[in-house]
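The values are calculated or read from the model by the stated rules, or taken from the named source; none is laboratory data. Here the structure is a predicted model, which means the values were calculated and not measured. Positions of Cβ are backbone-derived with ideal geometry, glycine not excepted, and every protein chain shown enters the neighbour counts.
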């Protein structure tokens, strides 16, 4: 297993698509329709949380804060629909990571794998 990825999206078809794509790189993928549904059933901390930004369009940064409180160190990547430019701008203003739908499969795989590599580098103990 390369990484533990949680996909939070209300659309079961999107959950299945993300699962199939990310399992190509041997990631352990879990899905949930919303964050509360996942938390009530799980305590394991994911490495990356892919979140449909439309679940909290009024304040996407609050969702990142909530994920951070629940799972310390979990990286959040927002899934933003191309048809929501205002939401995309709000995410960009806060300098949050995002992936715009529709997306290329390789872009998703690359973003997740780069994020996991960066996490591993940050977690290595430094030599004195």
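Observations on the model:
- Which listed residue is at pLDDT 80 or above, more than 18 Å from residue 119 (Cα to Cα), touching a helix residue (DSSP H, G or I) at 6+ places or on another chain (Cβ under 6 Å) and surrounded by 18 or more Cβ atoms within 10 Å (Cβ to Cβ), from 80, 29, 76: 80
- Which listed residue is surrounded by 14 or more Cβ atoms within 10 Å (Cβ to Cβ), within 28 Å of residue 94 (Cα to Cα), touching a strand residue (DSSP E or B) at 6+ places or on another chain (Cβ under 9 Å) and at pLDDT 90 or above, from 22, 63, 55: 22
- Those strands (runs of 3 or more DSSP E) of the range 13-118 that lie entirely within it include none in which at least 3 residues are touching a residue at least 60 places away in the same chain (Cβ under 8 Å), under 21 Å from residue 2 (Cβ atoms) and within 12 Å of the chain's Cα centre (by Cα).
- Members of the range 1-10 that are touching a residue at least 40 places away in the same chain (Cβ under 8 Å) and either surrounded by fewer than 12 Cβ atoms within 10 Å (Cβ to Cβ) or assigned to a strand (DSSP E or B) (or both): 4, 5, 6, 7, 8
- Filter result for the condition that a residue is surrounded by fewer than 18 Cβ atoms within 10 Å (Cβ to Cβ), farther than 17 Å from residue 10 by Cβ and at pLDDT 85 or above, over 118, 95: 118
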